[in-house]
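First the structure, in the form of structure tokens, and then the observations on it.
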Amino acid sequence: MTPEGSSMLLPDPPHSKKTTPPNVRHARPVGRRTRWDLLGIHLGLVCVCAGLLLPFLWMLSTSLKTVAQTTETPPRFVPHPWQPQNYLTIFHYPNFDMVMLTRNTLLIALLSVIGTTLSSALVAYGFARIAFRGRGILFAIMLATIMIPFPVVMVSTFRIFRWMDSLSAAWLGPDNCLQMLGTFKPLWLPAWFGSAFNIFLLRQFFITVPRELSEAARIDGCSELMIFSRIILPLAKPALAVVALFSFLNVWNDFLAPLVYIQRPRQYTLALGLQSLQNQHGGSEWHLLMAASVLVCLPTLILFFLAQRTFIRGIATTGGK
């Protein structure tokens, strides 16, 4: 007998001890990767990145070669001797004004970026924050236009601009300020009517903004335009930066639209300038063509790395609740 209130510690019986089966004791927890798994993933990513970088590295290598080394067999990846003066030669090459081409492209890109960013944000705000009859149907029709590429509507758009030129010529005479064809207007004016993809992107971001902010602003007497400009746009800077970057890259690399609407060499963009450089003298001087291509690609690479954090944050927060 033991005193009342006291306790006696009795050993566990032999058959009550917990044992772990050998196949469970050394099992790897679910979701944990080993070093070999991570090493395989990183090696795979390195191989994919190397495959994507190879054309750019070859372009850079060719830009530092002589004209004879660009056509030798077997091809030489590392040039010897290096020819960095190719980058200076391209600025003085006949019928290829690098400064003029860059100025024309930057002008079109700047007007297009401003237009598509403002117009797409305004339309996206209407789809995201303003309830009206038929909003879902209109949004679905707008999304369907994403599947229509530019070559499909190229002829129709050209005929519209030509019709506008005929009307302006009848009212104001030839060579008036409203003339479209042969100018930069057809390249940047459509951007001021919004882009379906950019509208969708911004709408998904505007949906995530709490409606309590808009309701509080309405109580204070703000109109929809004031709510849009003072509350929504400041919060949407990452998404707006993504739209601006996409628009800039699209205009910077565009070749078909300038080919259709531009008629004089002094209005050429960089894409058309590279094409004309390739066809000069009955052949291509590949070392100079690659040097010009490197200079054309350089601003887009610099812009992406400078805006990388904003770009990733805008993509990550778009559409997330």
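The values are calculated or read from the model by the stated rules, or taken from the named source; none is laboratory data. Note that the structure is predicted; figures quoted are calculated from it, not measured. Here the Cβ positions follow ideal geometry from the backbone for every residue, glycine too, while neighbour counts run over all protein chains shown.
State whether one or more residues within segment 250-272 are within 22 Å of residue 88 (Cβ to Cβ), buried (at least 19 other Cβ atoms within 10 Å of the Cβ) and small (Gly, Ala, Ser). Write out each step before concluding.
First, the residues of segment 250-272 that are within 22 Å of residue 88 (Cβ to Cβ): 268, 270.
From what is left, the residues that are buried (at least 19 other Cβ atoms within 10 Å of the Cβ) are 268, 270.
Now drop any that are not small (Gly, Ala, Ser), which leaves none.
Within segment 250-272, none of the residues are within 22 Å of residue 88 (Cβ to Cβ), buried (at least 19 other Cβ atoms within 10 Å of the Cβ) and small (Gly, Ala, Ser).
Taking residue 308, is it at pLDDT below 90, out of contact with any Leu (no Cβ under 9 Å at 6 or more places or on another chain) and more than 22 Å from residue 151 (Cβ to Cβ)?
Working: at pLDDT below 90: yes; out of contact with any Leu (no Cβ under 9 Å at 6 or more places or on another chain): yes; more than 22 Å from residue 151 (Cβ to Cβ): yes.
When the stated conditions are applied, residue 308 passes them.
For residue 108, state whether it is within 20 Å of residue 253 (Cα to Cα) and either touching a Lys or Arg at 6+ places or on another chain (Cβ under 7 Å) or loosely packed, with under 11 Cβ neighbours inside 10 Å (or both).
Working: within 20 Å of residue 253 (Cα to Cα): yes; either touching a Lys or Arg at 6+ places or on another chain (Cβ under 7 Å) or loosely packed, with under 11 Cβ neighbours inside 10 Å (or both): no.
So residue 108 fails the test.
Within segment 106-114, is there a residue that is touching a residue at least 60 places away in the same chain (Cβ under 8 Å), closer than 25 Å to residue 198 by Cβ and over 18 Å from the mean Cα position of the chain (by Cα)?
Yes, there is a match, as at least one residue in segment 106-114 is touching a residue at least 60 places away in the same chain (Cβ under 8 Å), closer than 25 Å to residue 198 by Cβ and over 18 Å from the mean Cα position of the chain (by Cα).
Any idea which of (1) surrounded by fewer than 11 Cβ atoms within 10 Å (Cβ to Cβ); (2) modelled with pLDDT of 95 or more is the one residue 74 doesn't satisfy?
Here residue 74 clears every test but (2).
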